[in-house]
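Take a look at the structure below.
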Amino acid sequence: MNKRIPLIAGNWKMNKTVGETVELVTQLKQKLSDVRNREILVCPPFTSLVVAKEVIKNSNIKLGAQNMYFEKSGAFTGEISPLMLKDIGCEYVIIGHSERRQYFGETDESVHKKMRVAFENGLFPIVCVGETLQQREQNETFSVIERQVRIGLTGLTGEEPKILVIAYEPVWAIGTGKTATPQQAEEVHAFIRKLYSEIYGKDAAESVRILYGGSVKPDNFSEIMRQPNIDGGLVGGASLKADDFIKLVRY
Ligand code: 13P
């Protein structure tokens with residue numbers, strides 16, 4: 001039996017002012033208060049984290065950040081540390097999103113360091129993997145994912161392999177309106193779980209949650225969630241509108 005609790009996470013990316021944040025999370029808090037069987041997460045930009053936490057405290061909505069640096073403090077101008085995120089009530093942090101890899105030079109090595117530091121500071125990492133269109137067309141999807149998993153997700157100990165969240169986000173499906181078919185997504189999710197089982201064993205592979213991300217919308221999500229190896233969604237565009245995100249949580 002599948003005991004993995006579905007996680008529906010909104011990655012707001014570089015969107016929403018403080019005022020807009022208050023408006024959106026206030027609606028989510030009111031309209032999702034009865035939801036019990038899912039984990040609900042919002043990941044606003046850094047400037048909105050504190051105010052978002054203020055609104056959602058004592059609710060069933062959790063807070064996450066979209067990125068962080070892998071040092072606790074020091075001379076790293078412009079960066080945010082895991083201690084700072086923890087301090088303001090973040091529980092999750094997204095690591096290695098394809099936009100970070102593509103535009104800001106993130107590598108499997110930096111992803112790995114950030115994942116380690118997140119765990120060491122009591123944050124749950126959501127580590128993103130996924131192939132580009134060119135890689136898919138050249139039949140490199142599985143080799144790319146395997147490299148991202150083997151290098152990025154190496155060195156987990158104790159309960160960490162079970163607690164980790166992985167997000168499969170095919171780069172060609174992000175913000176394009178071109179969702180992977182449920183079968184395409186399931187194929188990769190099953191591959192990741194099998195690979196994870198080889199690395200961390202069967203129990204860990206049964207527990208790890210693997211989210212799908214890439215043009216998730218209210219009208220395609222329930223079919224995606226019907227796949228046995230898909231445990232939730234990492235949602236961009238559709239997480240910015242209260243009505244859409246509410247439908248996704250209630251898929
Ligand atoms: P979209 O849902 O806008 O395609 O974005 C997906 C994503 O990148 C979530 O992290």
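The values are calculated or read from the model by the stated rules, or taken from the named source; none is laboratory data. Every value quoted in this text rests on a predicted model; they were computed, and no experiment measured them. All Cβ positions, even for glycine, are placed from backbone atoms using ideal geometry, and neighbour counts span all protein chains on display. Keep in mind that these areas ignore ligands, DNA and RNA; they rest on the heavy atoms of the full protein, side chains included. Shrake-Rupley method; radii C 1.70, N 1.55, O 1.52, S 1.80 Å.
General remarks:
- The number of residues in segment 160-201 being of a type in the set (A, V, I, L, M) and touching a Cys at 6+ places or on another chain (Cβ under 6 Å) comes to 1.
- Matching option when the condition is open to solvent by 60 Å² or more (accessible area, probe 1.4 Å) and free of Cβ contacts under 8 Å to residues at least 40 places away in the same chain, among 86, 113: 86
- When residues in segment 48-79 are screened for being surrounded by 14 or more Cβ atoms within 10 Å (Cβ to Cβ) and either under 18 Å from the mean Cα position of the chain (by Cα) or closer than 17 Å to residue 25 by Cβ (or both), 20 of them pass.
- Members of segment 67-102 that are in a loop (DSSP other than H, G, I, E, B), closer than 15 Å to residue 116 by Cα and within 12 Å of the ligand (Cβ to nearest atom): 67, 96
- For residue 202, the criteria (1) away from the ligand (no atom under 14 Å from the Cβ); (2) in contact (Cβ under 8 Å) with a residue 24 or more places away in the chain; (3) open to solvent by 30 Å² or more (accessible area, probe 1.4 Å) hold in every case but one, which is (2).
- Cβ-Cβ distances below 9 Å connect the following pairs, each with a first residue in segment 1-22 that is under 14 Å from residue 63 (Cβ atoms) and basic (Lys, Arg), a second residue that is part of a loop (DSSP other than H, G, I, E, B) and within 16 Å of the ligand (Cβ to nearest atom), and a separation of six or more residues or different chains: 16/44; 16/45; 16/240.
- Some residue of segment 208-221 being touching a residue at least 40 places away in the same chain (Cβ under 8 Å), aromatic (Phe, Trp, Tyr) and more than 14 Å from the ligand (Cβ to nearest atom): no
- Filter result (outside any loop (DSSP other than H, G, I, E, B) and under 15 Å from the mean Cα position of the chain (by Cα)) within segment 120-131: 124, 125, 126, 127, 128, 129
- Pair list, Cβ < 7 Å and 6+ apart or interchain, from segment 229-240 residues that are within 13 Å of residue 39 (Cβ to Cβ) and more than 9 Å from the ligand (Cβ to nearest atom) to residues that are open to solvent by 10 Å² or more (accessible area, probe 1.4 Å) and not small (Gly, Ala, Ser): 231/4; 231/6; 231/209; 232/6; 232/209
- Checking each residue in segment 193-202 for being farther than 9 Å from residue 229 by Cα and in contact with a strand residue (DSSP E or B) (Cβ under 9 Å, 6 or more places away or on another chain) picks out only 196.
- Among the residues of segment 126-175, those identified as crowded, with 19+ Cβ neighbours inside 10 Å and β-branched (Val, Ile, Thr) are 126, 127, 129, 141, 145, 149, 165, 166, 171, 174.
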